[in-house]
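A quick write-up on the structure given underneath.
Values in this text are rule-based calculations from the coordinates and carry no lab data. Keep in mind that what you see is a predicted model, and the values were worked out from it rather than measured. Positions of Cβ are backbone-derived with ideal geometry, glycine not excepted, and every protein chain shown enters the neighbour counts.
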Amino acid sequence: MSKVLVIADHDGKRLGAGAARCITAAGKLGAAEIHIAVLASPAAAIAAEAAALAGVGKVLVVERAENAHPLAAVLAPQVVKLAAAYDYVIGPSNTFGKDLLPRVAALLGVGQVSDLMSVEGPHTFKRPIYAGNAIITVESPAGAKLVATIRTASFAAAGSGAPAPIEAASTDAVLPTHTRFVSLNAVTNDRPDLQSAARVVSGGRALGSADNFKIIYALADRMGAAVGASRAAVDAGYVPSDMQVGQTGKIIAPALYMAIGISGAIQHLTGIKDARTIVAINKDPEAPIFEVADVGLVADLFKVVPELTAALS
Amino acid sequence: MKILVGVKRVVDYNVRVRVKPDGSGVALDGVKMSINPFDEIALEEALRIRERGQATEVIAVAIGPDDVQTQLRSALAMGADRAILVKCDAEVEPRDVARTLLAVIRQEGIGLAFLGKQAIDDDAGQTGQMLAALWDRPQVSFASKVEINGAVARVTREVDSGLETLEVDLPAVITSDLRLNEPRYIKLPDIMKAKKKPLAVTDLAALGVNHAPQFKVLKTESPPQRTRGIIVKDVPELVAELKKRGVLS
């Protein structure tokens, strides 16, 4: 029976939202054991969160000062050492995993399956290409270690279970000093995280200005929703780029997605395809967003968004 | 310092790709091809570094069939000094692309490699990171700002939690994100000039790289389509509908 190693994403303080989804994906691989590696400093709090995920057999903790910030060049040699005992090495397809896993794969001398979206067999997987406009089924060589990034929107988050044992792992990997962390300009807000929120309200170019975006925030706050935006709204400078939803931004799968003043370019639709219910508000009845929306309202957003916010109080 | 820029020929950004009815791939016959947009951004950044006097030469490198010369000529028209085509008619997986680029890097004595963060056809997003690993050099993926200070690059990258800044020793690999810059337009005289710039053709064997694909594509299919839902007439109807569906309490 095979063994899976999940590389935990984190921000240095808390476990990332991708780890729990990777555990679910790992379960689909039919593995006998699922272990999760936490490379951090300090690592205790993150390891405790990882240990509480249902399905985790063991948490491997590598705590060294160099792991304070997730630098791919520093983490990869350590992951390679840990990977020796495993058949699968997986991580979330967010900026953490996308940066780290290909470096790990190359050091292991294997290729990588990016954005794995379903497991068809122990060596057969589906993944999207062309921004999700086509899905391919790929077969990896049997007997070789498989490295993959997991498309988090395609897998539910694992729930919590009885705490798994936490084990300190040491790796004698020699770490490079050629890559140094300088700063993180983190976007802090009290709203739910866009990537994992159950409800998301997004605004598009039709908002017309950064100031007008406040009606989107007001609605989102009333609903307890995260706030997103189309690429057009980001490029117009209304909101920062980390709020962008779409193929080149965040790919999300909330229970409720509200697209407000968003026309629905292909690249945006790719990012919301897995949302359970899509609501579109747009004054153009021909907007492509209505072709995918479960519920549409053809109206002036400046009139109906405040109305909707008031109706929900 | 010489800068290498990886250039991939892909289906143009504006083309809506269609899956072939027999599931053997996407239809590429007669479809407009272009430089991968992220590679164009990488090339633009390399050119700006050279124009600031921080690099001596920008070399565009592509792997693929003869047709790829068209995209390399576009790269030369944008301003690359010379181009190298590594001929290979078969599909080349990211790991083999990385191995090939590394062979060119060693041959040319490259100080900085610029790639797009992903190609918009296979969306793999692996080549830059794999190249950095095999080269045993720093990587900065998803770059949105690049400053070269002597033998060190200070690069800001777009991560899920915000903007992260790293400092790396050169040589290094940088992959470009969307907002790094706005690539310049090619003017007619540039196209004429590009015809006279050197474009060398080599192949994998000459670089000592064996073509070793690891994955087999068994099937290509269209994604499940969402269907058009209902249109409500006003806010009260919208709220009632969402409550009925259980997505609003």
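So if I place +1 on the C-beta of Lys and Arg and -1 on the C-beta of Asp and Glu, and nothing else carries charge, what would the dipole magnitude of chain A be about its Cα centre? I want it in debye, nearest 20.
200 debye
Students often get this wrong, so check it: of A:LYS28/B:LYS243; A:LYS273/B:LYS243; A:LYS13/A:LYS98; A:LYS28/A:LYS98; B:LYS8/B:LYS196, which have C-alpha atoms separated by over 25 Å?
A:LYS28/B:LYS243
Which ³J(HN,Hα) values, rounded to whole Hz and listed in residue order, are derived for region B:231-247 from phi using the Karplus coefficients 6.51, -1.76 and 1.60 in 6.51 cos²θ - 1.76 cosθ + 1.60 with θ = phi - 60°, glycine and proline given as x?
Residue by residue, region B:231-247 yields 10, 9, 8, 7, 4, x, 5, 4, 4, 4, 5, 5, 5, 4, 7, x, 9 Hz.
What is the local net charge at A:VAL104, summed over the other residues whose Cβ is closer than 11 Å to its Cβ (Lys, Arg +1; Asp, Glu -1)?
Residues near A:VAL104 contribute +2 overall.
Rounded to the nearest 5, what % of the DSSP beta bridges within chain A are antiparallel ones?
Roughly 20 percent of the DSSP beta bridges within chain A come out antiparallel.
Would you list the P(r) distribution for region B:1-53, with all Cα-Cα distances sorted into 5 Å bins from 0 and each bin expressed as a whole %?
4, 18, 19, 16, 13, 10, 8, 6, 3, 2, 0
If we count every other residue with Cβ under 14 angstrom of B:ARG157's Cβ, Lys/Arg +1 and Asp/Glu -1, where does the sum land?
-3
What residues have an amide H closer than 5 Å to that of B:LEU248, excluding those fewer than 5 places away on the same chain, when H is modeled at 1.01 Å from N in the peptide plane?
Here the answer is B:LYS243, since their amide H atoms fall under 5 Å of that of B:LEU248.
Averaged across B:25-31, how many Cβ atoms of other chains sit within 10 Å of each residue's Cβ atom?
So the per-residue partner count for this stretch is 1.
Projecting each Cα onto the charge dipole of the protein assembly as shown (Lys/Arg +1, Asp/Glu -1 at the beta carbon, about the Cα centre), which of A:GLY30, B:PRO223, A:TYR257 comes out farthest on the positive side?
B:PRO223
May I ask you to list the lysines whose Cα is less than 16 Å away from that of A:LYS145, ignoring any residue fewer than eight positions away on the same chain?
A:LYS3, A:LYS81, B:LYS216
Running a GNM on chain B with Cα contacts under 10 Å, which residue among B:ALA200, B:ALA113, B:ALA75 ends up with the highest mean-square fluctuation?
B:ALA200
In whole Hz, what ³J(HN,Hα) sequence does region B:139-148 give by Karplus (6.51, -1.76, 1.60; θ = phi - 60°), x for Gly and Pro?
For region B:139-148, the Karplus-derived couplings read 10, 10, 8, 6, 6, 10, 7, 10, 10, 9 Hz, x marking Gly and Pro.
Please give the per residue volume of the convex hull enclosing the alpha carbon atoms of region A:1-145, rounded to a whole number of Å³.
That works out to 101 Å³ per residue.
Return the sequence-ordered ³J(HN,Hα) values of region B:42-53 in whole Hz as given by the Karplus equation 6.51 cos²θ - 1.76 cosθ + 1.60 applied to θ = phi - 60°, using x for Gly and Pro.
After applying 6.51 cos²θ - 1.76 cosθ + 1.60, I find 4, 5, 4, 5, 4, 5, 5, 5, 5, 5, 7, x Hz.
Rounded to the nearest 20 Debye, what is the dipole magnitude of region A:199-311 about its Cα centre when Lys and Arg each give +1 and Asp and Glu each give -1 at the C-beta?
So the dipole magnitude of region A:199-311 works out to roughly 200 debye.
Which net charge results for the neighbourhood of B:VAL104, defined as the other residues with beta-carbon distances under 14 angstrom from its beta-carbon, given Lys and Arg at +1 and Asp and Glu at -1?
My count for the surroundings of B:VAL104 gives +1.
Can you list, largest first and rounded to whole Å, the semi-axes you get for chain A by taking the square root of 5 times each eigenvalue of its Cα gyration tensor?
The three semi-axes for chain A are 37, 21, 17 Å.
In whole angstrom, how far apart do the alpha carbon centroids of region B:1-56 and region A:178-232 sit?
What the calculation gives is 30 Å, centre to centre.
Let me have the relative contact order for chain A, percent, based on Cα pairs under 8 Å that are six or more residues apart.
14 percent
By counting other Cβ atoms within 10 Å of each Cβ, how are A:SER313, B:SER74 ranked from fewest to most?
So the ranking, lowest neighbour count to highest, is A:SER313, B:SER74.
Placing +1 at every Lys and Arg Cβ and -1 at every Asp and Glu Cβ, with all other atoms neutral, what dipole size does chain B have around its Cα centre, in debye to the nearest 20?
Taking the Cα centre of chain B as origin, the dipole is about 460 debye.
Quick one: work out the % antiparallel among DSSP beta bridges in region A:157-257, nearest 5.
Just about 0 percent of them are antiparallel.
Would you mind calculating the relative contact order of chain B from Cα pairs under 8 angstrom and at least 6 residues apart, reporting the percent as a whole number?
Relative contact order, chain B: 23 percent.
Where both residues lie in region A:3-168, what percent of DSSP beta bridges are antiparallel, nearest 5?
Counting only bridges with both partners in region A:3-168, antiparallel ones make up about 30 percent.
Rg (Å, one decimal) plus Dmax (Å, integer) for the alpha carbons of the protein assembly as shown?
Over the protein assembly as shown's Cα set, Rg and Dmax evaluate to 23.5, 70 Å.
How large is log10 I(q)/I(0) at q = 0.11, 0.14, 0.17 Å⁻¹ when the Debye formula is applied to the Cα atoms of chain B, each weighted equally and without solvent?
-0.64, -0.92, -1.28
Output the peptides A:4-13, B:233-242 sorted from most to least packed, where packing is the average of other Cβ atoms within 10 Å over each peptide's residues.
Going by the mean number of other Cβ atoms within 10 Å, highest first, we get A:4-13, B:233-242.
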